[in-house]
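K.L.:
The structure follows.
The values are calculated or read from the model by the stated rules, or taken from the named source; none is laboratory data. The model shown is predicted, which means the values in this text are computed figures rather than measured ones. Backbone-built Cβ (ideal geometry, glycine too); neighbour counts: all protein chains shown.
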Amino acid sequence: MTDTGSGRVGEVTAAVAAHVRALRTTRGWSLDELAARSGVSKGMVVQIEAARTNPSIGTLCRLADAFGVTIGRLVEPASERVVQVSAAEQAPVLWRGDLGGIGRLLASANDPSGVELWEWRLVPGENHPSADHAPGTRELLHVLAGQVTVTVDGADYEVTSGQTIAFQADRWHAYRNAGAEPARLLMVVVMPPGEPNPGPARGRRHHP
């Protein structure tokens with residue numbers, strides 16, 4: 001997991017540690033059971049709960065799937081507020097591409113369904129593959145600038161500035177900037193109400 005500013009990274013790491021530990025103990029799961037349900041190694045779970053590592057977005061996705069919650073639930077501050085106004089630069093950057101692109105989780109809600117609002121920036125030539133999410137998950141992606149190729153189940157869809165694509169995200173998908181200009185996207189991920197994953201996680205996205 002990456003972010004801007006060491007202080008912000010520390011806050012997110014501490015929040016993830018507290019939430020993972022609380023969600024696991026509330027469900028009565030051992031470290032071994034969480035590892036089996038999520039596909040994240042026991043050693044990594046121990047590191048995460050001790051706030052000794054910054055988990056990758058893939059690891060966060062697997063843990064969120066195992067608990068039946070959004071990634072936002074894992075990274076949100078411990079104290080919830082009725083109303084929260086935040087600037088984009090305060091949102092955690094949970095993905096950073098090799099060429100300079102970012103994926104920033106702007107906001108999330110967890111009841112009754114899980115909803116995440118993301119900002120994505122992909123530079124030319126950048127690609128972000130995403131494994132299938134939990135069954136019933138949908139994504140809505142609006143291109144603010146540039147163009148992006150969205151691949152869903154092996155089929156490509158060209159989405160340009162001002163256009164929106166909506167699709168079932170419980171299957172393999174990817175986002176690619178094949179154009180000559182940077183692309184900026186807003187993405188909403190909607191997860192259906194669900195129970196914790198009873199078995200090994202299938203390996204969600206994003207995640208997105």
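K.L.:
Taking the conditions exactly as written (at pLDDT 90 or above, part of a helix (DSSP H, G or I) and small (Gly, Ala, Ser)), does ALA66 satisfy them or not? Spell out the reasoning first.
P.N.:
Working: at pLDDT 90 or above: no; part of a helix (DSSP H, G or I): yes; small (Gly, Ala, Ser): yes.
In short, no.
K.L.:
Tell me which residues, restricted to region 90-112, are touching a residue at least 60 places away in the same chain (Cβ under 8 Å), touching a Gly at 6+ places or on another chain (Cβ under 9 Å) and more than 17 Å from ALA174 (Cα to Cα).
P.N.:
VAL93
K.L.:
Could I ask something else about it? What number goes with the only condition from (1) more than 26 Å from LEU106 (Cα to Cα); (2) surrounded by 19 or more Cβ atoms within 10 Å (Cβ to Cβ) that PRO55 does not pass?
P.N.:
That leaves (1) as the condition not met.
Let's see how each residue does on (1) on the phi < 0 side of the Ramachandran plot; (2) at pLDDT 95 or above; (3) aliphatic (A, V, I, L, M):
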{"residue": "LEU74", "(1), (2), (3)": "yes, no, yes"}
{"residue": "GLU89", "(1), (2), (3)": "yes, no, no"}
{"residue": "GLY103", "(1), (2), (3)": "yes, no, no"}
{"residue": "LEU106", "(1), (2), (3)": "yes, no, yes"}
{"residue": "GLY114", "(1), (2), (3)": "yes, no, no"}
{"residue": "VAL148", "(1), (2), (3)": "yes, yes, yes"}
{"residue": "ASP170", "(1), (2), (3)": "yes, no, no"}
{"residue": "ASN177", "(1), (2), (3)": "yes, yes, no"}
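K.L.:
Let me ask another. In region 128-146, which residue that is part of a strand (DSSP E or B) and buried (at least 17 other Cβ atoms within 10 Å of the Cβ) is modelled with the lowest pLDDT? Let's see the steps before the verdict.
P.N.:
Let us first name the residues in region 128-146 that are part of a strand (DSSP E or B), namely 128-130, 138-145.
Now drop any that are not buried (at least 17 other Cβ atoms within 10 Å of the Cβ), which leaves 128, 130, 139, 141, 143.
On the way: HIS128: 91, SER130: 84, GLU139: 95, LEU141: 97, VAL143: 98.
Here the residue is SER130.
K.L.:
Follow-up question, since we're still on this one. Which condition number does ALA15 fail, the rest of (1) small (Gly, Ala, Ser); (2) within 19 Å of the chain's Cα centre (by Cα); (3) in a loop (DSSP other than H, G, I, E, B) being met?
P.N.:
Going through the list (1) small (Gly, Ala, Ser); (2) within 19 Å of the chain's Cα centre (by Cα); (3) in a loop (DSSP other than H, G, I, E, B), ALA15 breaks only (3).
K.L.:
I've got another one for you. Could you tell me which of the residues ASP65, ASP98, ASP132 is among the charged types (D, E, K, R), under 18 Å from the mean Cα position of the chain (by Cα) and farther than 25 Å from VAL190 by Cα? It would help to see each step written out before you state the result.
P.N.:
Working: ASP65 fails: farther than 25 Å from VAL190 by Cα; ASP132 fails: farther than 25 Å from VAL190 by Cα.
Unique residue meeting the criteria: ASP98.
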